[in-house]
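The values are calculated or read from the model by the stated rules, or taken from the named source; none is laboratory data. These figures come from a predicted structure and were not determined experimentally. For neighbour counting, all protein chains shown are included, and Cβ atoms are generated from backbone atoms with ideal geometry for every residue, glycine included.
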């Protein structure tokens, strides 16, 4: 289940219409997983340079207007409550095709490792301080 999000274009914290409409694709045991689930199950960073080039990538037609390139990074021991580890994924997308590319994997992995550590720390502090 999605935990948090932020959409820069709309300044919204609730852009999860795909999850609400396609919850079955967000189950770990699904046969047609979302990118977030694939990332968690495979335990590796997934880079999609051009979402439009992948048949069946979009849940609805409007996504083609704003979901053009995405990166998904696993968070193996994420603790929402600061105590109980669970598997999660960090996804970052953009409306610019080819923004995230395999050629940049090493640099992206370094940046996302730092970002994931900060997210883990923020949730740990919130969970432990109430």
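Observations on the structure shown:
- Residue 72 being within 23 Å of residue 25 (Cβ to Cβ), free of Cβ contacts under 8 Å to residues at least 40 places away in the same chain and in contact with a helix residue (DSSP H, G or I) (Cβ under 6 Å, 6 or more places away or on another chain): yes
- Check on residue 124, more than 18 Å from residue 46 (Cα to Cα), at pLDDT 90 or above, surrounded by 11 or more Cβ atoms within 10 Å (Cβ to Cβ) and out of contact with any strand residue (DSSP E or B) (no Cβ under 7 Å at 6 or more places or on another chain): no
- Filter pass, residue 64 being touching a helix residue (DSSP H, G or I) at 6+ places or on another chain (Cβ under 9 Å), at pLDDT 95 or above and farther than 21 Å from residue 113 by Cβ: no
- Of all the numbered requirements in (1) more than 20 Å from residue 41 (Cα to Cα); (2) assigned to a strand (DSSP E or B), residue 97 misses one, and that requirement is (2).
- Residue under evaluation residue 90, criteria (1) surrounded by fewer than 16 Cβ atoms within 10 Å (Cβ to Cβ); (2) under 30 Å from residue 128 (Cβ atoms), criterion not met: (1)
- Condition met for residue 92 (touching a residue at least 60 places away in the same chain (Cβ under 8 Å) and not in a helix (DSSP H, G or I)): no
- The set of residues in segment 33-55 that are in a loop (DSSP other than H, G, I, E, B) and either free of Cβ contacts under 8 Å to residues at least 12 places away in the same chain or under 14 Å from the mean Cα position of the chain (by Cα) (or both) comprises 33, 34, 43, 44, 45, 54, 55.
- Hey, residue 76 loosely packed, with under 15 Cβ neighbours inside 10 Å and assigned to a strand (DSSP E or B) or not: yes
- Flag for residue 83 being exposed (fewer than 15 other Cβ atoms within 10 Å of the Cβ), over 13 Å from the mean Cα position of the chain (by Cα) and either at pLDDT 90 or above or under 19 Å from residue 25 (Cβ atoms) (or both): no
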